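Quick note: the coordinates plus some simple rules give every number you see, no bench work behind them. All values reported here derive from a predicted model rather than from experimental measurement. Quick reminder, even Gly has a Cβ in these numbers, built from the backbone with ideal geometry, and neighbours come from all protein chains shown.
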Amino acid sequence: MSEEKQMQHGKNKILLFRKLEDQNKEAAKLAFQTEHTFTYSRELEALVTKDGRVIQVGGLEAEVEVNAIQAKDDPLGKMLQEAVIKGEKLELWEVTVDEDLKDSEGKYPAVYAQGYLSEWEDPANAEENVTISSTFTVELEPQFGRATLTAEQEQAVQYAFKDTTTVTDSE
């Protein structure tokens with residue numbers, strides 16, 4: 001008997017960022033993420049030979065399009081904008097925060113990449129929330145593995161159910 005497949009929800013995939021030079025600090029989640037798209041692509045060139053068509057495969061290119069509603073006084077949003085302006089190298093994690101996929105060590109499936117933000121758009125429409133959009137261009141190849149979220153990072157994703165009893169430090 002086959003196991004029933006379950007759908008994966010986009011809301012469970014979050015992005016965390018950190019300046020590469022700040023590896024002594026925890027990565028942070030961009031507040032109010034609305035959407036992101038991780039894109040992998042290769043140039044394929046068709047060459048016609050006397051024996052038929054062959055494909056020449058180019059190098060991998062990866063990028064992440066990011067959209068979020070701008071939070072007031074968000075230090076990560078300011079850091080990302082500054083990283084574009086100054087051309088600073090960043091680290092990015094796409095973490096799938098799904099309890100069903102969490103392993104016995106408490107780690108979640110993740111993609112890790114280093115690269116640069118190539119743009120930062122900050123439009124201000126009179127009738128809508130201020131939204132930001134940016135493109136993270138990956139250097140080399142993204143790496144697949146598992147990532148640990150701190151209690152604060154998990155809480156930033158979605159608060160967990162709390163009982164009506166007194167909360168202690170161990171919870």
Query raised in the report: For region 1-47, what class follows from the C-alpha gyration tensor (a ≥ b ≥ c being the square roots of its eigenvalues): rounded when a/c is under 1.5, otherwise prolate if a/b is larger than b/c, else oblate?
Result: oblate
**Report entry** Per-residue Cβ neighbour rank within 10 angstrom, fewest leading, Lys11, Lys25, Lys50, Lys19
**Finding:** Lys50, Lys25, Lys11, Lys19
**Report entry** region 1-91: mean projected area of Cα convex hull, nm²
**Finding:** 11.8 nm²
Requested in this report: Kindly flag which residue pairs out of Lys5/Lys107; Lys5/Lys78; Lys86/Lys107; Lys5/Lys72; Lys13/Lys86 have an alpha-carbon separation exceeding 31 Å in this structure.
Outcome: Lys5/Lys78; Lys86/Lys107; Lys5/Lys72
Query raised in the report: Taking a spot 7 Å from the Cα of Arg146 along the direction of its beta carbon, which residues of region 91-116 have an amide N less than 20 Å from it?
Result: 93-113
Query raised in the report: What per residue convex hull volume, in Å³, comes out for region 102-160 when only alpha-carbon positions are used?
Result: 120 Å³
Report summary line: In a Gaussian network model of the chain with springs linking alpha carbons closer than 10 Å, the residue among Val66, Val54, Val130 that fluctuates most is Val54
Query raised in the report: Hey, quick one: spin label on Lys78, modelled 7 Å out along Cα-Cβ, who in region 5-34 has an amide N within reach, i.e. under 15 Å?
Result: 31
Query - Residue among Arg42, Arg146, Arg18 with the largest mean-square fluctuation in a Gaussian network model of the chain, springs linking Cα atoms under 10 Å - result: Arg42
Query - Inter-probe distance in nm under a simple model that places probes 7 Å from Cα toward Cβ, at Glu128 and Glu45 - result: 4.0 nm
Report summary line: GNM of the chain, Cα pairs under 10 angstrom: of Glu99, Glu63, Glu128, the biggest fluctuation goes to Glu128
Query raised in the report: Shape call for the chain from the C-alpha gyration tensor, a ≥ b ≥ c root eigenvalues: rounded (a/c under 1.5), prolate (a/b greater than b/c) or oblate?
Result: oblate
Requested in this report: Report the extension gain between Ser118 and Ile85 in nm, rounded to one decimal, defined as 0.36 nm multiplied by the number of residues separating them, less their alpha carbon distance.
Outcome: 11.0 nm
